[in-house]
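Trainee: The structure that follows is given in the form of structure tokens.
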Amino acid sequence: MDKQVNGSLNPKHVAIIMDGNGRWAEARLRRRIIGHYVGANRVREIVKCCPDLGIKYLTIFAFSTENWKRTQSEVAGLMRLFKRYINNETKSLIKNDVKVRFIGIKLDYKLVELMDELELATSTNNGLNLTIAINYGGRDEVSRASKRLAIDVASGKLDANSINEETLPKYLDTYFLPDPDLVIRTSGEARISNFLLWQSAYAEYEFVDTLWPDFTDEAFIGVLNNFRTRNRRFGAVA
Ligand code: FPP
């Protein structure tokens, strides 16, 4: 498939809800964590193909504030996987000029140390901006941002009357990112599950049936081609 893109219609920022790992594994009578491991391989490949597709920002939802409701063994397995991913991928992310940032509340001590090291090690890169959401929830993010706004108002640093649509995003975890143009969710579920609630106000959505471990580069290109047919009006008349 032609990987050339029409610059004006290409999404600058793509965000992905990587769903379906558990079902992928269960369909093969494997443990759910196996699906997550295969899903991590897809992350590696999708990250690699973004620059060729003209995508400058990729944001992926790896673990939500609600995912703690899963079994202790799945949660522990996912935390181990994130650590392993960082350890295994750091060299290749540096080599491929990927700048990594994490959003969400940083919790697990060892994981936070690795996350901070990866952010620092890739901080001067200029290629793809990869943002990984771990222990992230949109409502939690807006609540934390509001709290910081309130503190700044109380201390006199910020005038309450000056708060507007430009002010609040500066307090969000994503203050360094443009809004996503396209949000993709795999696995056939059509919901946004608390992902980038503020930021996606004018994003285009693509819900695809493919389970995340089966979401190939070709499937990704197919979704991008659909995006190019959209008529984005941002509330104006065409
Ligand atoms: C949702 O599938 C997926 C997750 C909660 C975890 C996503 C994690 C990865 C893709 C692993 C790798 C990520 C990084 C950054 C290394 P699900 O478990 O809800 O699937 P189901 O709906 O079929 O049960």
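Trainee: Using the basic label-point model (7 angstrom from Cα toward the beta carbon), what is the Thr71 to Glu189 distance in nanometres?
Mentor: The answer from the label model is 1.8 nm.
Trainee: Just want to confirm a number: the relative contact order over region 87-220, from Cα pairs under 8 angstrom separated by 6+ residues, in percent.
Mentor: Working: 151 pairs, mean separation 27.9, N = 134.
Relative contact order of region 87-220: 21 percent.
Trainee: Right, here's the next one. State which helices in the chain qualify, where a helix is a whole DSSP H run, it must extend 20 Å or more along its own axis by its Cα atoms, and its mean Kyte-Doolittle hydropathy must be at least -1.0. All intermediate terms of the calculation are to be shown ahead of the outcome.
Mentor: Working: long enough: 32-49 (26 Å, 0.04); 72-95 (35 Å, -0.46); 138-154 (24 Å, -0.46).
In the chain, the long hydrophobic H runs are 32-49, 72-95, 138-154.
Trainee: Let me ask something additional. Over the alpha-carbon set of the chain, work out the extent along each principal axis and list the three values in angstrom, largest first.
Mentor: 57, 49, 35
Trainee: What is the total of Lys pairs in region 1-129 with C-alpha atoms under 17 Å apart, excluding same-chain pairs fewer than 8 positions apart?
Mentor: Lysine pair count for region 1-129: 16.
Trainee: Suppose R0 equals 22 Å. What FRET efficiency, 1/(1 + (r/R0)^6) with r the Cβ-Cβ distance, do Asp116 and Lys12 give to the nearest 0.05?
Mentor: Working: r = 27 Å, r/R0 = 1.22.
The value I calculate is 0.25.
Trainee: Moving to a separate point now. Using only helices, what value at 222 nm comes out for the chain when you add -39,500 (n - 2.57) per DSSP H run of length 4 or more and divide by the total residues, to the nearest 500 deg cm²/dmol?
Mentor: Helix contribution divided over all residues of the chain: -12000 deg cm²/dmol.
Trainee: Just to confirm the filter: which trypsin sites (Lys or Arg not before Pro) across region 162-221 are DSSP coil and have at most 16 other Cβ within 10 angstrom of their Cβ? Let's see the in-between values first.
Mentor: On the way: sites: Lys170, Arg185, Arg191; in loops: Arg191.
Hits after loop and neighbour filter: Arg191.
Trainee: Using label points projected 7 Å from each Cα along Cα→Cβ, tell me how many nm separate Ala27 and Asn225, to one decimal.
Mentor: Here the modelled spin labels are 2.2 nm apart.
Trainee: Work out the charge dipole of the chain with +1 on the Cβ of Lys and Arg and -1 on the Cβ of Asp and Glu about the Cα centre, then indicate which of Phe61, Asn41, Pro178 is farthest towards its positive end.
Mentor: With unit charges placed on the Cβ atoms, the residue in question is Asn41.
Trainee: Under 16 Å Cα to Cα from Lys157, which lysines show up? Leave out anything in the same chain fewer than 8 places away.
Mentor: Once the sequence-local lysines are set aside, what remains near Lys157 is Lys147, Lys170.
Trainee: Then there's this: Whats the longest run of the chain with zero GluC sites (Glu not before Pro) that are DSSP loop and have at most 15 other Cβ atoms within 10 Å?
Mentor: Working: sites that count: Glu66, Glu165, Glu166, Glu189.
Counting at most 15 other Cβ atoms within 10 Å as exposed, the longest clean stretch of the chain is 67-164.
Taken together, the values in this text are just the output of simple stated rules run on the coordinates, not laboratory data. What you see is a predicted model; the values in this text were computed from it and never measured. Neighbour counts are summed over all protein chains in view; Cβ atoms, including those assigned to glycine, are modelled from backbone coordinates with ideal geometry.
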